[in-house]
Every structure is written in structure tokens, then in C-alpha cells.
1. For L200, which sequence-distant residues (separation of 5 or more, or a different chain) have an amide H within less than 5 Å of its own amide H, given hydrogens modelled in the peptide plane?
2. Can you show me the helix-derived [θ] at 222 nm for the chain, built from DSSP H runs with n ≥ 4 at -39,500 (n - 2.57) apiece and divided by the number of residues, rounded to the nearest 500.
3. Roughly what angle does helix 16-26 make with the longest principal axis of the chain, taking Cα atoms, 0 to 90 degrees, to the nearest 10?
4. Quick one: Debye curve from the alpha-carbon atoms of segment 6-73 only, equal weights, vacuum; give me log10 I(q)/I(0) at q = 0.26 Å⁻¹ to two decimals.
5. Calculate what fraction, in whole %, of the accessible area of the chain sits on carbon and sulfur atoms when a 1.4 Å probe is rolled over the protein chains.
6. Under a 1.4 Å probe, what is the accessible area of the chain per residue, stated in Å²?
7. In whole Å, how far is the Cα centre of segment 187-211 from that of segment 7-63?
8. At a temperature of 4 °C and a viscosity of 1.567 mPa s, determine how fast segment 123-211 diffuses translationally according to Stokes-Einstein, using the Kirkwood radius over alpha-carbon pairs as Rh; express D in µm²/s, rounded to the nearest whole number.
Amino acid sequence: MKSVVFDVGETLVDDTREWGAWARWLGVPAHTLSALVGAVTAQGRDNADALRLIRPNFDLPAERQARINAGCGEQITEADLYGDVRQTLAGLRARGLWVGIAGNQTSRAGDCLRALDLPADAIATSQEWEVAKPDPAFFTRLAEWAPGTPGEIVYVGDHPANDIGPAKASGLRTALVRRGPWGYLWADDPEGGGAADWVLDGLAELPDLLS
């Protein structure tokens, strides 16, 4: 292996703050939105469908901009990182692996991640690349961006449809982390953990595993 690239939401970042912000924005209790996220997850649907169940004509880009205009745009701070993130990224780099972060995030989220000065070689988002998972073009771009051939790149994520399936179809190696609604629900599914090269209980397993 030459490179390890990480998804963001529920892989590196605990999304509790962001879902809570959406619940406040839409005027519903946090537990209501959490339950709806669970429902669409179990149905294999896009997580944004949970927001559309509350507001049927929900326009995600427009609502994101409205939140920014209102002074409550998305944030990613040190407190939002899972506890094993810095140690894992640093451990991989210490073993000579190139470390990247690339997920379905806004450019604002990318700026937030870069401001954290994480031990990563590069950070990119779908908005910056103008292509989002699970589009195969996202993983084509990723394979051009990260050092090594596709078979020498590991993509780490929590989502079978957005992360594991399309990354594997693009020739990348894959690791599914049992974390977040998708990671826990799909870890034992043939299309989730069953399709991944590795299933992780935490990111700290990676440095020794890949070395």
C-alpha cells in the first residue's frame, strides 16, 4: 500500500453537531431527526432524505447557504473529531504511507478540516472536485490524486453505497469502519463489510494492519 484516503462524516468526524444544527434549523427535536436518519439508513436511502421527510421540497444547497447567511453554517472543530483520528493519521504517515482526506463535503467543510492542521498530506471535498460519491468519476479523480496505482490505495469509509462499493469497483482497496449509523448497520452485510477488504472496529487498527 502507498496511500490511505479517508471519508469524512462518521469516519473521521462525529456528525452529531451537524445533525443537531439541522434539527434546530428545521424546528424539530434532535431525536426526531435522528430517528428519521435511522429510518432512511435502514432503507438504503440518501441521508438527506431524512431532511426531506420533514420539509418535502427541501433544497439542500439553498438551505446550506441560508444557514451561512444566518450565521449558523456548518462547523468542524477539534471536538467533532473521533478520538482515534490524529493518532491514526500520524501513525500511518510514520510508516511511510501518504494520507489523504476526501469525502462528500462542501468547500466550507474542507476549509474547516484544513484549519485543524491534521496529520494529512492533502484534503479535498466533493464540492471542490465538482463530483460526488458514489459517482465513479469521484474515485477516478481520487486515484489520480493519491500516489500509487488503484490497488495500492485504501479508501476508508462507513457507507457501503457511497464508499465501499464504488471504491472497490474503481479498483481501490477498501476498509469499512464500524462507526455511525451506516457503519454499524451494514458491517455484516454482503454489500457492506462483506464487500470490504477489511472491517475495522476503530481507525487505530489501521497502521499496524497496513504495515
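1. For L200, the qualifying residues are L176, V177, R178.
2. On the way: 11 runs with 90 residues, N = 211.
Calculated from helices alone, the mean residue ellipticity at 222 nm is -11500 deg cm²/dmol.
3. With rounding to tens, the tilt is 20 degrees.
4. Results for segment 6-73 at q = 0.26 Å⁻¹ read -1.34.
5. Details: 4660 of 9440 Å².
Percent of accessible area from carbon and sulfur atoms in the chain: 49.
6. Details: 9440 Å² over 211 residues.
Per residue, the chain has 45 Å² of solvent-accessible surface.
7. 25
8. On the way: Rh = 13.1 Å.
Estimated via Stokes-Einstein, D reaches 99 µm²/s.
The values are calculated or read from the model by the stated rules, or taken from the named source; none is laboratory data. If you're wondering where the values come from, they're calculated on a predicted model, not measured in any experiment. Every residue, glycine among them, receives a Cβ derived from its backbone with ideal geometry; neighbour counts consider all protein chains shown. Note: accessible area is taken over every heavy atom of the protein model, side chains too, but ligands, DNA and RNA are not part of it. Shrake-Rupley method; radii C 1.70, N 1.55, O 1.52, S 1.80 Å.
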